[in-house]
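These notes concern the structure reproduced below.
The values are calculated or read from the model by the stated rules, or taken from the named source; none is laboratory data. Model, not experiment: these values are computed from the prediction. Here the Cβ positions follow ideal geometry from the backbone for every residue, glycine too, while neighbour counts run over all protein chains shown. Accessible surface is based on the protein model in full, side chains and every heavy atom, while ligands, DNA and RNA are left aside. Shrake-Rupley method; radii C 1.70, N 1.55, O 1.52, S 1.80 Å.
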Amino acid sequence: MSIWVIFKLIGSLALLMYGMKSMSESLQKLAGPQLRHVLGAMTTNRFTGVLTGMFVTAAVQSSTATTLMTVSFVNAGLLTLLQAISVIMGAHIGTTVSAWIMSLGFSFNITDFVYPAFFLGIILIYMKKRRIIGDFLFGVAFLFLGLGTLRETGFLLVEDPETSQTISAFFQNFNEPTFWNKLFFLLMGTILTLCVQSSAAIMAITMMLCSTGVLHIDQGIMLVLGENIGTTITANIVAATANVQARRAAFAHFTINVIGVTWALIVLKPFFNLVCNFVGFDPTMSSSAPGFAIKASMVLATFHSAFNVTNTILQIGFVQYIERFVCWVIKPKKVDEEEDVRLHFITAGIMKTPELSVLEARKEIRLFSQRIQKMFNMVRELVEERDDTKFVKLFTRIEKYEGISDNMEIEIAKYLNNVSDAHLSDDTKSQIRAMLREISEIESIGDACYNIARTLNRRVKGKEDFTGDQYEHIHQMMALTDDALTQMNVMLSNRREALDINKSFNIENEINNYRNQLKSQNINDVNDHKYTYAIGTMYMDLISECEKLGDYVVNVVEARMGVRQKDA
């Protein structure tokens, strides 16, 4: 076999995989903002979930993309595990469209459409508003070119007597329909799909080998079943760093297909015969018979569709049991909250569209904000704490939270900067700038909380105490500050259109006015010797930090609402 034929085979596979990838990414960009709403709105029950997964996968031409998006949505808390399982089942049906596209490539000279698609695509790419459609057409063209070249290469392999004889001799060693031979091709399909990371590419190779007669159709069917398992392992690999619900969703994907392959192996002969009768294909037909290549590719595409549709129908009634099983297998780890410094919604390994990346960052910022308010509540407890041992323990917790807030700011900022490197719309770029400002201000709130805790620690070490009136004023100021933080979390948790920024401004005005009032009163109280100048200084440090904290809160709210930052 010529080295150029090998390169042609590898190159055609590369073209096919790149075409599928380009098609999928272009369609995701076109539908990106809508995909989240579709997945959220159309998964009210298991049947609509299946339909959603089916149509989304057929639209983006990648079950892997749909599955990884679904796992990401579960990771971000947008879908429940039960909803995700039904979407994944639908994705299995939607992915069969790819097999039919492959089958078309072996039915007629599909490369006739390549060059018009390239020509139209390049025109659209230079029209900025139609660039994504142009990218999609280029993906289609590369896909068709890869399929056409793969088909030609397959016939070249068959025409070379030495190569054809060598490959045929290898596969003939496994011609006997024994359990171990079936298992061999099942594992081969799984491993090849895992290595290539594209079930479409392995499906194309399977069709090429079967349509040229090098591989028997029975062996091709086992490769197809193996591909169904191999494609599930990708989701499990990328979900390894995600939260427990996302790992369960990925494992459910694997479980559904393993169950499907198991029943398919049990009823393989009658099921396969049914498919052959439907297509009108005789498994004993010679590869040189007219129409053999077309019929062989059609049998594989039909079997793939029939298997996935039947598997979904059989398992749709057992979704809740699949959920229980994966929850039983993958149990949550018990992690001390103070030690759990990892991000909960952002996972670098999961493939995303920019829309989904921004959404996950938004969820992470929301968690960041809630954690900061919890830190402030610890500070309020610290004010009341009289026991020295408990005081030290609580102060140490606050110190840990301060470190966590620093790490969260850095990690979220790093993630957003990586997202900003992609080709983004102006709206998405604006959102990323706003979120970078938000996390900076939220981290400043954490610093203010720690400064208050340090002032209280200094008071304890100095063996001094505030007066009853001072404690009352501190509590009132902290109550106002907590109101500001609560309102900030409301603003971060809801859609901007439904929010009123004036509530935050009103609380800030109350805090400023109260700070000014206490500042004047403090000067009079020190002059009247109601307490020492040192305790008065610490007292005003607490009040001032609360007022600064209120300013940071308003900055977060302004960034969230898209309001220009006020002049300093």
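Worth pointing out:
- The protection proxy used here, the mean number of other Cβ atoms lying within 10 Å of each residue, ranks peptides 82-94, 46-58 as follows, highest first: 82-94, 46-58.
- What the Cβ-Cβ distance of residue 500 and residue 282 gives, at R0 = 45 Å and to the nearest 0.05, is a FRET efficiency of 0.05.
- Between residue 131 and residue 383, the simple label model (points 7 Å from Cα in the Cβ direction) yields a spacing of 5.3 nm.
- When you count the other C-beta atoms within 10 angstrom of each residue and take the mean per peptide, 383-392, 538-547, 296-305, 211-220 line up highest first as 296-305, 211-220, 538-547, 383-392.
- With DNA, RNA and ligands ignored, accessible area of residue 237 (1.4 Å probe; Å², nearest 10): 100
- Rh by Kirkwood over Cα pairs, then Stokes-Einstein D for the stretch 488-531 at 0.890 mPa s and 25 °C, µm²/s: 190
- Here the accessible area is traced with a 1.4 Å probe on the protein chains. For the stretch 439-511, carbon and sulfur cover 43 percent of it.
- Cross-link pairs exceeding 26 Å in C-alpha to C-alpha distance, out of 129/429; 390/519; 21/182, comprise 390/519; 21/182.
- Averaged per residue, the stretch 377-474 has 50 square angstrom of accessible surface, using a 1.4 angstrom probe with ligands and nucleic acids left out.
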